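Q: This is the structure I want to talk about, given as structure tokens.
The values are calculated or read from the model by the stated rules, or taken from the named source; none is laboratory data. Fair warning: this is a prediction, and the values are worked out from it, not measured in the lab. As a convention, Cβ positions derive from the backbone with ideal geometry for all residues, glycine included, and neighbour counts pool all protein chains shown. When the accessible area is computed, the model is the full protein with side chains, heavy atoms only, and any ligands, DNA or RNA have been set aside. Shrake-Rupley method; radii C 1.70, N 1.55, O 1.52, S 1.80 Å.
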Amino acid sequence: MSADVRPIAASELPDWLRTVNTGFLNTARATDSDVAQRAKDNDLARTQGAFDTDTGRCVAAFRSFAQELTVPGGAAVPSTAISNVGVLPTHRRQGLLTRMMAAEFAAAGARGDVLATLIAAEYPIYGRYGFGPATSLAEWEIDVPRTGLDRRLSAPVDGPGVPPAGSWGRIDLVDEAEVRQVGPELHERLRARTPGMIDRSELWWRMRTGLEQVSYRPYQEKFFAVYRTAAGEPAGLVTYRADDHWTDAKVPQNTVQVHDLLAATPQAERALWQFLCSIDWVQKVRTGYRAPDDLVPQLLPDPRSARLVTSADFLWVRVLDVVRALGARTYEAPGELVLEVTDASGPAAGRYRLDAGTGTCERTGAAADLRLDVSALGSLYLGDESAVRLAALGRVTQERPGAVALADAVFRTARRPWCPDIF
């Protein structure tokens with residue numbers, strides 16, 4: 001079979017959306033409102049389709065959009081975020097994704113994007129295109145009665161790390177309109193200092209507070225709670241839902257599912273978890289996707305009451321412009337490294353001198369200290385992966401004694417990067 005790969009026209013959006021739904025095993029038909037929403041959300045110049053030359057039907061889908069990714073040091077790096085990738089089962093293994101990915105990398109280079117990002121539904125696919133897993137996530141299930149917290153109180157009053165009485169603020173339940181006022185600014189405060197976090201558009205907040213609704217992402221009403229400091233400044237926000245489960249003996253066994261928890265301070269974070277564990281009828285709290293080194297287990301008097309239920313890779317990063325990417329972030333230790341990067345797709349291939357002390361990077365003809373594929377560089381980039389581990393796995397090759405240990409000291413970060421958002 002042959003196919004024409006190109007950006008889609010507005011009239012082809014329903015066919016493209018059908019392909020997306022089929023690729024994600026969603027049998028729902030694309031409604032007129034879905035198509036209208038996509039027309040507003042998608043940049044058609046960045047929405048690709050592969051069209052079977054015999055039938056004219058869309059058989060593969062791909063889109064990208066502009067994104068900012070926070071890197072160590074707080075810089076927001078321009079990236080191309082890739083989403084809605086799918087090939088119909090009738091047209092797999094024909095190179096369609098390879099063609100769409102190549103077109104996107106060429107367009108990203110012309111736009112000046114430094115990185116490409118995605119959330120990988122399947123692990124084996126995206127390493128072929130130079131992506132490496134760059135952040136991880138964890139989810140815990142908290143057995144509330146075992147925490148040791150005083151459930152009569154919705155805010156902490158004592159214990160290690162708890163400020164003295166009178167310095168705590170308050171928690172208020174709020175509605176969607178207030179979330180749209182408080183949430184974006186709070187998210188930006190946290191994003192500015194959290195490597196791995198990405199920007200959230202106005203549309204993101206509108207869709208997650210019910211102002212925009214589509215059938216492919218139906219809105220479900222939730223509870224929202226805001227933590228404010230003693231001075232009245234919003235410093236935390238949690239979004240959650242609860243189920244309705246009772247035993248035959250009329251004993252409540254309800255579970256709270258956290259969808260989003262943003263905390264600008266450790267005090268706000270502690271207060272919000274205390275609040276969630278104090279809600280009447282609730283026996284378990286599912287934390288939602290958190291950073292792998294999140295504080296929540298150690299915020300509980302008995303950390304074993306938080307059982308790890310999910311641990312997985314999450315955000316994948318593909319370096320497109322090595323000089324700008326390595327020059328954008330800061331490093332944990334000084335030192336110079338010459339990296340030889342291989343890249344089958346082309347844009348990142350070369351030899352680069354990184355001066356971690358000054359945070360500068362440039363192309364060089366000097367002898368390499370380390371050799372690595374661009375996908376391994378993507379895994380190292382945000383500080384989550386260890387160069388020592390990658391060397392043990394054969395993904396990094398040391399050409400100068402001590403270079404792997406230096407790379408580990410240079411790239412790793414004190415706290416692990418975290419991306420809370422699926423896209």
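Q: Hey, could you check the stretch 116-125 for residues that are under 16 Å from the mean Cα position of the chain (by Cα) and not in a loop (DSSP other than H, G, I, E, B) and say which is surrounded by the fewest Cβ atoms within 10 Å (Cβ to Cβ)? Before the answer, list the steps.
A: Restricting attention to the stretch 116-125, the residues satisfying the condition of being under 16 Å from the mean Cα position of the chain (by Cα) are 116-123.
If we keep only those that are not in a loop (DSSP other than H, G, I, E, B) as well, we get 116-119, 123.
On the way: Ala116: 27, Thr117: 26, Leu118: 20, Ile119: 17, Tyr123: 11.
The selected residue is Tyr123.
Q: Shifting gears a bit: Regarding Ala102, is this residue surrounded by fewer than 20 Cβ atoms within 10 Å (Cβ to Cβ) and free of Cβ contacts under 8 Å to residues at least 40 places away in the same chain? Give the derivation first.
A: Working: surrounded by fewer than 20 Cβ atoms within 10 Å (Cβ to Cβ): yes; free of Cβ contacts under 8 Å to residues at least 40 places away in the same chain: no.
No, not satisfied.
Q: What helices (runs of 4 or more DSSP H) lie completely within the stretch 323-423 and have 2 or more residues being farther than 20 Å from Ala120 by Cβ and in contact (Cβ under 8 Å) with a residue 24 or more places away in the chain?
A: Those helices (runs of 4 or more DSSP H) span 403-411.
Q: Pairs only if they're at least six apart or on different chains, beta carbon under 8 angstrom, first in the stretch 282-311 and closer than 21 Å to Ser154 by Cβ and open to solvent by 50 Å² or more (accessible area, probe 1.4 Å), second among the hydrophobic types (A, V, I, L, M, F, W, C) and assigned to a strand (DSSP E or B); list them, first residue then second.
A: Lys284/Ile142; Lys284/Val256; Arg286/Trp140; Arg286/Ile142; Arg286/Val256; Arg286/Val258; Arg286/Val309
Q: Among residues belonging to the stretch 338-397 that are over 24 Å from Leu315 (Cα atoms) and of a type in the set (Ser, Thr, Tyr), point out the one that is surrounded by the most Cβ atoms within 10 Å (Cβ to Cβ).
A: Of everything passing the filter in the stretch 338-397, Tyr352 is surrounded by the most Cβ atoms within 10 Å (Cβ to Cβ).
Q: Moving on. Considering each of Gln283, Gln267 in turn, give the residue that is modelled with pLDDT of 95 or more and either in a helix (DSSP H, G or I) or farther than 20 Å from Ile198 by Cα (or both).
A: On the way: Gln267 fails: modelled with pLDDT of 95 or more.
Checking each option against the conditions leaves just Gln283.
Q: Restricting attention to the stretch 52-70, and to residues there that are among the hydrophobic types (A, V, I, L, M, F, W, C) and open to solvent by 10 Å² or more (accessible area, probe 1.4 Å), which single residue is nearest to Gly196 (Cα to Cα)? Even if it seems obvious, please write down each step before you answer.
A: Of the residues in the stretch 52-70, the ones among the hydrophobic types (A, V, I, L, M, F, W, C) are 58-62, 65-66, 69.
Now drop any that are not open to solvent by 10 Å² or more (accessible area, probe 1.4 Å), which leaves 65-66.
Details: Phe65: 17, Ala66: 15 Å.
Only one residue fits best here, namely Ala66.
Q: So, in the stretch 302-348, how many residues would count as being at pLDDT below 95 and under 30 Å from Arg146 (Cβ atoms)?
A: Residues in the stretch 302-348 being at pLDDT below 95 and under 30 Å from Arg146 (Cβ atoms): 0 in total.
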